[in-house]
Amino acid sequence: MIEYLIVGSGFTASVICIHLIDTGINPKKITVIGPTKLGQGNAFNCPNDEYRLNVRSEIMWIYPEKKSEFTNWAKKEIIDNDALHSAGNFYKRSDFGRFIYSKLRKYLESGELCHEKEVIKKINKNNDGSWVSILSNEKELHSKNIILATGNPSPQWPFPIKRESLIKTESLIENPWDGQWIKKLKKNDNISIIGSGLTALDCLASLKSYNHDGEINIVSPSGNFPPPQAFWTRKNTPIWPNGNEENLLPSKFLNFMKNYLPSEPLESSKWQSAWEELRIDISHNWNKLPNKGKFALKKKLNSTWSRLRYRASPQSIKALKELKNKQQLIISNGYAKNIIQKKNSFSLLLNNGKSINSDIIINCSGKGKDNLNEQLINSKIGIPDTFKEALEVDENHRVLSTDRSPNIGLYMISPVLIAKFGDIVAANRLALQSMHLASILSSN
Ligand SMILES: Cc1cc2nc3c(=O)[nH]c(=O)nc-3n(C[C@H](O)[C@H](O)[C@H](O)COP(=O)(O)OP(=O)(O)OC[C@H]3O[C@@H](n4cnc5c(N)ncnc54)[C@H](O)[C@@H]3O)c2cc1C
């Protein structure tokens, strides 16, 4: 019987391993199941040199007291002059994946820590309270505890696609996160990119570095890209309203944030410093909002919030500017609705009636659905959270069952637990979730 079964092989799975081992748990008690090399996951499994971290290297920490650990490792282990910028060092995401792997290498190579490159498709509860996980190769694993660290589900097309009526489907890139699509490109291809967030910027940086000659179309409702990271510092501590109270009205939450932010450009250090000062206590205050208020705020702010929170590496914004200056970029405001086969290419149809002739279509519309979460909900082991993006968990990361009681031995740590914990997407927030869970598990 496995003591701790960790599902996923990304950053979160790795940092929970690291923190569990730090608390004195023997690595032999831990088994990891996930398809990528440990540490890579969806975010850092990208052997594409233009896919860079979207925050400076000191933000990418495993321990709050060792914020420079990755920076120091990078200075020693890699030569990457393009990473250096006045806003900080923005290394390749694949290098960060290597750094995380290096933290666990000795346990993996000695066989003390077991990692199987597989996917878990089903989880059931045994009558004795233990868990049985079924892998996609039908193997069964029995464990006392399961920690779901399954992260951001891989992207899916934002509209149904009739694959049987399409040929050359290898030119339809549903998941561009690993950056391998660039190998399929011809110099003059007409490219359509659905979305204008960080993944779209990754694609533009790759196209720029490849000196791509063809037309590049961006389809996005707002047509806005995230602003670049500035060199920000936290100097002040905002005093949030209703400090000692348990509840906060969404209007008070919003107005406080609006008033705290200076009337400066989003790209400025001043604005970004104030924004980052707010983020320190944002999750705590988010938790004071009623569920209905969280939902209303999410609906109202979602795209603005994502754009400001996920600021971009200066390198990707430089590529965007260069493509704009070359007048190679055509931005169409609207939603992509369908893909139609033309003779040797595709037509991307928009909700405003426009159609764009495309040789390659890249889906940068964000994360998709998590099949394992769905199975757990359908089996009545878990329930969906308020935003229907993750499983509902309690303060101690225990997955709640249909009667809202916590499942014994089933935990989730994840960037998608936003409804419960607020602003938690970045790697360092996941490191904190992992530390919290590791201390709970080690004291059980
Ligand atoms: C493309 C991308 C770039 C990002 N860049 C940054 C950045 O620069 N800086 C930053 O701070 N944050 C970044 N993030 C945010 C990111 O959420 C966190 O930093 C962190 O990497 C998330 O790690 P994770 O392990 O939870 O998730 P993921 O990286 O999504 O990894 C989850 C892993 O679990 C696997 N998995 C899923 N389901 C199963 C299953 N049923 N069985 C087995 N395995 C399963 C997946 O295949 C995947 O390998 C990025 C996110 C994405 C998607």
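Of all complete DSSP H helices in the chain, those with a Cα span along the helix axis of 18 Å or greater and a mean Kyte-Doolittle hydropathy of 0.0 or more are 427-443.
When you count, for each residue, the other Cβ atoms within 10 Å and take the mean per peptide, how do 432-439, 258-265 rank with the highest first?
Values: 432-439: 19.9, 258-265: 11.4.
By packing density, highest mean first, the sequence is 432-439, 258-265.
Annotation: peptides 27-35, 376-384, 137-145, ranked by per-residue average of other Cβ atoms within 10 Å with the highest first, follow the order 27-35, 376-384, 137-145. For the pair the range 1-61 and the range 394-442, the centres of their Cα atoms are 16 angstrom apart. Which FRET efficiency, nearest 0.05, do Lys67 and Lys121 yield, Cβ-Cβ r, R0 41 Å? Efficiency, rounded to the nearest 0.05: 0.60. Between Ser345 and Ser283, the C-beta separation translates, for a Förster distance of 56 Å, into a calculated FRET efficiency of about 0.75.
Here's the picture: charge each Lys and Arg Cβ at +1 and each Asp and Glu Cβ at -1 in the chain, and of Ile440, Ser102, Ile78 the one pushed furthest to the positive end of that dipole is Ile78. Residues whose amide H falls under 5 Å from that of Ile2, counting only those 5 or more places apart or on a different chain, are His142, Ser143, Lys144, with hydrogens built in the peptide plane.
So what's the net charge close to Trp73: Lys and Arg +1, Asp and Glu -1, counting the other residues with Cβ under 14 Å from its Cβ? Intermediate results must be reported in sequence, preceding the final value.
Working: positive: Lys66, Lys67, Lys75, Lys76, Lys92, Arg98, Lys103, Arg105; negative: Glu58, Glu69, Glu77, Asp80, Asp95.
Residues near Trp73 contribute +3 overall.
Its relative contact order, with pairs defined as Cα atoms under 8 Å and 6+ residues apart, puts the range 93-211 at 11 percent. Once the chain from Lys318 to Ser209 is taken as fully extended at 0.36 nm per residue, the excess over their C-alpha distance is 38.1 nm.
Amide H contacts of Lys121: Ile134, Leu135, Ser136, each under 5 Å away and 5 or more positions distant or on a separate chain (H built 1.01 Å from N in the peptide plane; Pro and chain starts excluded).
Among the listed pairs Lys37/Lys92; Lys235/Lys258; Lys92/Lys324; Lys121/Lys380; Lys292/Lys388; Lys125/Lys380, give every one whose C-alpha distance is greater than 20 Å. Table pairs above 20 Å Cα-Cα are Lys92/Lys324.
Relative to the present Cα-Cα distance, how much length would full extension add between Arg105 and Arg309 at 0.36 nm per residue of separation? Write out the running numbers ahead of the final one.
Details: separation 204, 0.36 × 204 = 73.44 nm, distance 3.22 nm.
Additional length available on full extension: 70.2 nm.
Under the convention that each Lys and Arg Cβ holds +1 and each Asp and Glu Cβ holds -1, the size of the dipole of the chain around its Cα centre is about 900 debye.
Here r is the Cβ-Cβ distance between Lys162 and Thr386 and R0 is 35 Å; the resulting FRET efficiency, rounded to 0.05, is 0.55. Taking the chain as a Gaussian network of alpha-carbon nodes connected by springs under 10 Å, the highest mean-square fluctuation of the residues Lys252, Lys367, Lys92 belongs to Lys252. Per-residue packing, averaged as other Cβ atoms within 10 Å, sorts the ranges 389-395, 49-55 into the order 49-55, 389-395, beginning with the highest.
Considering only Pro250, Asn291, Ser263, and ranking their Cα positions along the charge dipole of the range 250-309 that arises from unit charges at the beta-carbon of Lys, Arg, Asp and Glu, the one farthest toward the positive end is Asn291. Between the range 312-381 and the range 192-271, how many Å separate their Cα centres? Spelled out, the Cα-based centre of one part sits 19 Å from the other.
Read the figures in this text as sums done on the coordinates, not as results from a lab. Remember, it's a predicted structure, so these values are computed and weren't measured experimentally. Because the Cβ atoms are built from the backbone with ideal geometry, glycine has one as well, and the counts that use them run over all protein chains shown.
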